[in-house]
């Protein structure tokens, strides 16, 4: 097991197929409304006609994969009134179902919307980094399922050394809030976190 597990996401390789969303749903037998990993489609730009009649454009679109980032400063853990949300000895953030009362405070405070309310259970659920698979030497389901290998996982510091510690991009929140264990290779048209140049075009899926 890793001492501080992290995800790496290569936005330049992602086609937005959402295969790993299906793998996660199927692997944990969850209702369709509970999405531990989601794919945001971030789009923007416009066409404009110049004085000479020629049209120019700055249209862009890219995908961002989002899940629990098992943050260094997990605000969900801080917000939980029953200590159900916790970090285990492997620094994986998880939910103790015996303590959870379904108050949804963790969901309200997490900037990544990682904790997901399961109405069938009346409790919060979330990505646990496929802990049971990892202790068997297997990769998380989402990583294993990605057909274009846009997702990887490993030791946080090792991933930063291998891929760099590049700035997060829209539509992700400010990384200083929770200090996510996430390493990115931004899309070529990526906009900064604070940018208002685009919008999430598939809100119903996230």
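Since every read-out is calculated from the coordinates, none of them should be taken as a lab result. For clarity, every value in this text was computed on a predicted model and none was experimentally measured. Every residue, glycine as well, gets a Cβ built from its backbone with ideal geometry; the counts of neighbours run over all protein chains shown.
Shape of segment 143-199 from the C-alpha gyration tensor: oblate (a/c of 1.5 or more and a/b not above b/c, with a ≥ b ≥ c the square roots of its eigenvalues). Here the spin labels are modelled as points 7 Å beyond Cα on the Cα-Cβ line, and at residue 83 and residue 161 they lie 3.6 nm apart.
Just subtract the alpha-carbon distance of residue 101 and residue 185 from 0.36 nm times their residue separation and send over the number in nm, one decimal.
26.5 nm
One equal scatterer on each Cα of segment 61-112, no solvent, Debye formula: the resulting log10 I(q)/I(0) at q = 0.14, 0.26, 0.27 Å⁻¹ is -0.37, -1.03, -1.09. Fully extending the segment from residue 131 to residue 204, taken as 0.36 nm per residue of separation minus the present Cα-Cα distance, adds 23.4 nm. Each label was represented as a point 7 Å from its Cα along the Cα-to-Cβ direction; for residue 28 and residue 196 these points are 3.5 nm apart. The shape of segment 1-143 can be summarised by an equivalent ellipsoid whose semi-axes, obtained from the alpha carbon gyration tensor, come to 35, 18, 15 Å from longest to shortest.
Counting other Cβ atoms within 10 Å as a rough exposure proxy, the listed residues 12, 169, 3 run 3, 12, 169 from fewest neighbours to most. Of the residues 77, 59, 193, the one with the fewest other Cβ atoms within 10 Å heads the list, and the complete ranking is 59, 193, 77.
The ranking of 90, 168 by Cβ neighbour count inside 10 Å, starting from the fewest, reads 90, 168. Based on DSSP, what percent of beta bridges with both residues in the chain are antiparallel, to the nearest 5? The antiparallel proportion sits near 85 percent. Taking the alpha-carbon centroid of each part, what is the distance from segment 1-22 to segment 58-127 in angstrom? Value for the Cα centre distance between the two parts: 17 Å.
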